[in-house]
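Notes follow the structure.
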Amino acid sequence: MIVLVTATGTDAGKTTLTRGIARAARRRGIDVVGIKPFETGVAENAVDAAALERAAGAVWPGPWFRAPSPVAPWAATTMGEGAVDWDGIVHALRAAGERHELVLVEGAGGVRVPVDAEREVRDLAVALDARVLLVAPDVLGVLSYTLTAVDALRAVGVSPEVVLRAAPSPDPSAATNGALLEKKLGRRVHRFPYLDGADDALAGAVEDAGLLDVCLGVSR
């Protein structure tokens, strides 16, 4: 099973959540791997990708895209920082899905971040026939950000599970954001606390929120 973890935008908490899911799966004895196929703003070491590998305790090779400038993958390629091998990346991720019980794929930025001139992060979900978790920070503005992102995913035939991640300093909108999103979307919105600690602590929060079961398609 392949799960794409994407977001309403940059710095929403994708890596933190994906680390937690990976470690929770590992603690249950599930054969899991975490992959970040596109990572920019890195010189030599892909920090987020390495964090996912440590959390899962597994590495999967592929023609992953890395670039030093902290910009969208397509922007990096136009700046001469390599090229995106879309077909090779999709092939490698599908191969991982055939080998592992659970493959967690962390996207770059938000759902409509351009990967190249023709494709966006949301197209990865379609190419992989993946379940999708959409991470949204629980702050003022999240109603519009989330509804826009959900519309973008639904436009390509993808219905995501929305995960509202608590902010370090909640603003007044946090009192109503979750309930209003559930009314607008007509489905449950999952909650996740603000944590950025060790993988095992994140795994506990993932289990408490039922998010590993969501990835596995198990009802609670």
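Please pick out the residue among E106, E39, E101 that is under 25 Å from V162 (Cα atoms) and in contact with a Ser or Thr (Cβ under 9 Å, 6 or more places away or on another chain).
Result of the check over E106, E39, E101: E106.
Taking the condition assigned to a loop (DSSP other than H, G, I, E, B) and at pLDDT 95 or above, does A58 pass? Reasoning before the result, please.
Working: assigned to a loop (DSSP other than H, G, I, E, B): yes; at pLDDT 95 or above: yes.
When the stated conditions are applied, A58 passes them.
Take region 62-84 and flag every residue that is among the polar types (S, T, N, Q) and either within 17 Å of A49 (Cβ to Cβ) or surrounded by 14 or more Cβ atoms within 10 Å (Cβ to Cβ) (or both).
Residues of region 62-84 that are among the polar types (S, T, N, Q), as a first pass: 69, 77-78.
Of everything in region 62-84, those that are among the polar types (S, T, N, Q) and either within 17 Å of A49 (Cβ to Cβ) or surrounded by 14 or more Cβ atoms within 10 Å (Cβ to Cβ) (or both) turn out to be S69, T77.
Quickly run through region 34-55 and pick out the residues that are without any contact (Cβ under 8 Å) to a residue 12 or more places away in the chain and among the hydroxyl-bearing types (S, T, Y). Quick ask: steps written out before the conclusion?
Quick first cut of region 34-55, residues without any contact (Cβ under 8 Å) to a residue 12 or more places away in the chain only: 44-45, 47, 50.
Within region 34-55, no residue meets the criteria.
Could you tell me which numbered condition D196 fails, if it satisfies all but one of (1) in contact with a Ser or Thr (Cβ under 6 Å, 6 or more places away or on another chain); (2) within 18 Å of G20 (Cα to Cα); (3) without any contact (Cβ under 8 Å) to a residue 40 or more places away in the chain?
(3)
Which condition number in (1) basic (K, R); (2) free of Cβ contacts under 8 Å to residues at least 60 places away in the same chain; (3) closer than 18 Å to A22 by Cα is the one that R165 fails?
(2)
Kindly indicate which of A92, A50 is under 20 Å from A125 (Cα atoms), part of a helix (DSSP H, G or I) and of a type in the set (G, A, S).
A92
Looking only at residues that are of a type in the set (D, E, K, R) and more than 21 Å from D213 (Cα to Cα) in region 93-118, which one is surrounded by the fewest Cβ atoms within 10 Å (Cβ to Cβ)?
E118
With the requirement that a residue be over 11 Å from the mean Cα position of the chain (by Cα), part of a loop (DSSP other than H, G, I, E, B) and either within 17 Å of E182 (Cβ to Cβ) or not charged (D, E, K, R) (or both), what does region 108-150 give you?
Across region 108-150, the qualifying residues are V113, V115, A117, A130, D138, V139, L140, G141.
With the checklist (1) in contact with a helix residue (DSSP H, G or I) (Cβ under 6 Å, 6 or more places away or on another chain); (2) buried (at least 21 other Cβ atoms within 10 Å of the Cβ); (3) of a type in the set (A, V, I, L, M, F, W, C) in hand, flag the one item V121 doesn't pass.
It fails just one condition, (1).
Going residue by residue through region 143-158, is there one that turns out to be in contact (Cβ under 8 Å) with a residue 12 or more places away in the chain and over 30 Å from L185 (Cβ atoms)?
The answer is no, given that none of the residues of region 143-158 is in contact (Cβ under 8 Å) with a residue 12 or more places away in the chain and over 30 Å from L185 (Cβ atoms).
Hey, among the residues in region 6-45 that are surrounded by fewer than 20 Cβ atoms within 10 Å (Cβ to Cβ) and hydrophobic (A, V, I, L, M, F, W, C), which one's nearest to H190 (Cα to Cα)?
I30
Condition first: of a type outside the set (G, A, S), out of contact with any Ser or Thr (no Cβ under 8 Å at 6 or more places or on another chain) and part of a helix (DSSP H, G or I). Now tell me which residues in region 151-181 satisfy that.
D151, R154, P172, N177, L180
Select, from A149, A155, A201, A179, the only residue that is surrounded by fewer than 20 Cβ atoms within 10 Å (Cβ to Cβ) and in contact with a Leu (Cβ under 9 Å, 6 or more places away or on another chain). Explain how you work it out, then say what you get.
Numbers: A149 fails: surrounded by fewer than 20 Cβ atoms within 10 Å (Cβ to Cβ); A155 fails: in contact with a Leu (Cβ under 9 Å, 6 or more places away or on another chain); A179 fails: in contact with a Leu (Cβ under 9 Å, 6 or more places away or on another chain).
Among A149, A155, A201, A179, only A201 is surrounded by fewer than 20 Cβ atoms within 10 Å (Cβ to Cβ) and in contact with a Leu (Cβ under 9 Å, 6 or more places away or on another chain).
Can you give me the number of residues within region 158-176 that are surrounded by fewer than 15 Cβ atoms within 10 Å (Cβ to Cβ) and of a type outside the set (D, E, K, R)? Talk me through it step by step, then tell me what you get.
First pass over region 158-176, keeping only residues surrounded by fewer than 15 Cβ atoms within 10 Å (Cβ to Cβ): 159, 168-172, 175-176.
Add one more test, that the residue is of a type outside the set (D, E, K, R), and what stays is 159, 168-170, 172, 175-176.
Final tally of qualifying residues: 7.
The values are calculated or read from the model by the stated rules, or taken from the named source; none is laboratory data. This one's a predicted model, so the numbers in the text were calculated from it and none came from an experiment. Counting neighbours? That spans all protein chains shown, and the Cβs are built from the backbone with ideal geometry, glycine included.
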